[in-house]
1. Which of the residues spanning the stretch 433-454 are closer than 28 Å to LEU474 by Cα and open to solvent by 80 Å² or more (accessible area, probe 1.4 Å)?
2. Could you count how many residues in the stretch 603-632 are part of a strand (DSSP E or B) and under 52 Å from the mean Cα position of the chain (by Cα)?
3. Name the single residue, out of those in the stretch 397-417 being under 19 Å from TRP365 (Cβ atoms) and open to solvent by 60 Å² or more (accessible area, probe 1.4 Å), that is nearest to the chain's Cα centre (by Cα).
4. Select, from GLY574, GLY551, GLY559, GLY564, the only residue that is at positive phi and crowded, with 17+ Cβ neighbours inside 10 Å.
5. Which one is least open to solvent (accessible area, probe 1.4 Å) among residues in the stretch 369-396 that are touching a strand residue (DSSP E or B) at 6+ places or on another chain (Cβ under 9 Å) and part of a loop (DSSP other than H, G, I, E, B)?
6. Against the condition over 21 Å from GLU361 (Cβ atoms) and touching a residue at least 12 places away in the same chain (Cβ under 8 Å), how does ARG337 come out, does it pass?
7. Inside the stretch 116-153, can you point out the residues that are acidic (Asp, Glu) and either more than 30 Å from GLN233 (Cβ to Cβ) or over 51 Å from the mean Cα position of the chain (by Cα) (or both)?
8. Determine which member of the set ALA79, ALA92 is more than 15 Å from GLY33 (Cβ to Cβ), in contact with an Asp or Glu (Cβ under 8 Å, 6 or more places away or on another chain) and modelled with pLDDT of 75 or more.
Amino acid sequence: MDAIPSEHRGPDLAVRRRTPGFEALLQELSIEGLDALDPGYMSLLRSVLAGGEPRSRNLRATAGDTERFLRIDAYPCFADDGSVAGLVVVAADNAPAARRENAILRNLELERSRFDDYPVGTTDEDWTGARRVLERLNREGHTDIRQYVREHPEILTDLVAGARLVDLNEATVRTYNAPDKRALIDHFNKPPDLSSYNSETGYSDIFVSLLARFFAGETKVVVEGWDRTFDGQNIFLRTTTSIMPGFEQSWGWVLQTVEDITDRKQIEDQLREAQERYELAVEGARDGLWDWNFGAGEFFASAQMCRTVGWGEHPRTMSPRESVKHIHPAHRTAVRRALIRHLRSGVDTFSLEYRTLDGAEGPSWVSNHCRVVRNDDGKVTRMAGSVTDVTARKQHEDELRAAKEQAEIANRAKTEFLANMSHELRTPLNAILGFSQTIESEMFGALPNGKYKEYAGDIHSSALHLLEVINDILDMSKIEANEFVVSDDLFDATATVERCVRFMSERAARKSIEIAVSIKAERIAIEADQRMFRQILLNLLSNAVKFTDNGGKIWVEGGEMVDGYLEFRVGDTGIGMAPEDVAIALTPFGQVGRGRLVAQEGSGLGLSIVSRLMALHGGDLAIHSEPAKGTLVILRFPGERLRADIQA
């Protein structure tokens, strides 16, 4: 003890014994006790007596022209019952530490001169008291600081009181929208409101996490999170908390920077939401995405693409060579050739459709939509696109194709049957027509009874009607079998119209129906199939006579160019049709309405044949009809079929 400058004091702080070295130190400093250097010396001793733990303090003294730096360590002495019976105070020369501290202080003063000029919010904080609280908890065996605070939130009062904000710059004031420095410092140093403590998340969890990490040996911690400004607005901050250089062991002096990154946070949130919406949209559309980076030699496939082509449930990155393995071997060569052809052509977008490896449910097909990225030299650097499962569509197309083929086979069989039957029927029908006409004309002598002549006329009329029906069926079968070939005859349409009208006049006269022709041109040279042209007019005139009441009117007009077409019109004052029935009348065997209209003789092929024959000439027809008022049929031949005149 004599070799070390020290003194021994009792519990009443009275000096019991001093070593010679301690007495020499007091004489050198010309003082009676160390309390004359610093009143805090006695406070140090009292805290050791009260807490029973060693304490230290640095003192600065002047001996003549020399400045002395002392380190004072106070240790408690315990009685047998465990109470503090006295103190041992040791004084040591601390000049090297003082010089190091002075250098640190000078550096700090230099930094402080720039403190207020920092563009980023900066605070100086003294966390010495909080460190001591954590040291006490550690001695008591509490190593999980966060958990302890959650279970004992009242400790926050001591922790916050021991972490005091000392100073801050103007940038911090602006960040928190505070009126001035003092108001913001008082706001931060305010004791916590434990009534708002949340047992699940903990009160001031970020603050406690910082304390725990520094206590574990870290010297710099970066944290991002939401905070409130002085006036209650929400801001998103990035805080960097560092222990001041030279205080790593005691970490009592802390420097913290505060940066408002609310705008960046909002942009990130918007980008994240947009990405989520895009992923949801892609997932909803069930399109798989892929990206082929030529430079890196990598092919990326999204989770949806992997599911589509049978690669599993998760995204994959692979080599381009491996990526083609999802294509069915029978299609790989064709896909490769098509890809090379598109890339060489210089197009930026194209689509490929091919079969993939068969799945558990059978053959699978995809449609691959590709986007090409080229550099300034036109070289392909990247490709991206989407893959859509089109297996269901391909199956549907195959089913439609098979159904169409079956329908075509059935239609050809029907057409062949009708054609054969029509020919078989026409042979005996011609005999019926000839013999009935012979009997009706009494060519071989008078009939004994007038009724026989009448019956012979009925037989002849019925046979003519049956012949017309058979001819219609035969014509329709030829049209459907594509056996009708248009012969471009050059003839006078006006003369043909007049001959057709004369041919139908006798039938019209039986019902007192007048057929009028109103064509201004004496001659209309047209290049068309004359037989078809005549059949078109006869079918329309026959329908007009058939569906017009006694005393009605029928007319044929036109022969002029209208909107680039040579137009003819056939009208009547007959029973007419509703607009919705016109489409039915144009279908093969289509008959409109009920009762009287259906009862009219005919096959239901007349308008359908007219429509097909007009289409064979490159023209069309339009029907305007109204019930009880009549019907107007407009025939339109392409204008290029009109010629200047008929060559002799």
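1. Listed by number, the residues that qualify are PHE435, GLN437.
2. 7
3. GLU397
4. GLY559
5. Per the stated criteria, the residue is VAL390.
6. Here the answer is no, as ARG337 does not meet what is asked.
7. Listed by number, the residues that qualify are ASP126, GLU135, GLU140, ASP144, GLU151.
8. After applying the criteria, what remains is ALA92.
The values are calculated or read from the model by the stated rules, or taken from the named source; none is laboratory data. Please read these numbers as outputs of a predicted model, since none were measured by experiment. As a convention, Cβ positions derive from the backbone with ideal geometry for all residues, glycine included, and neighbour counts pool all protein chains shown. To get the accessible areas, we keep the full protein, side chains included, count just its heavy atoms, and leave off ligands, DNA and RNA. Shrake-Rupley method; radii C 1.70, N 1.55, O 1.52, S 1.80 Å.
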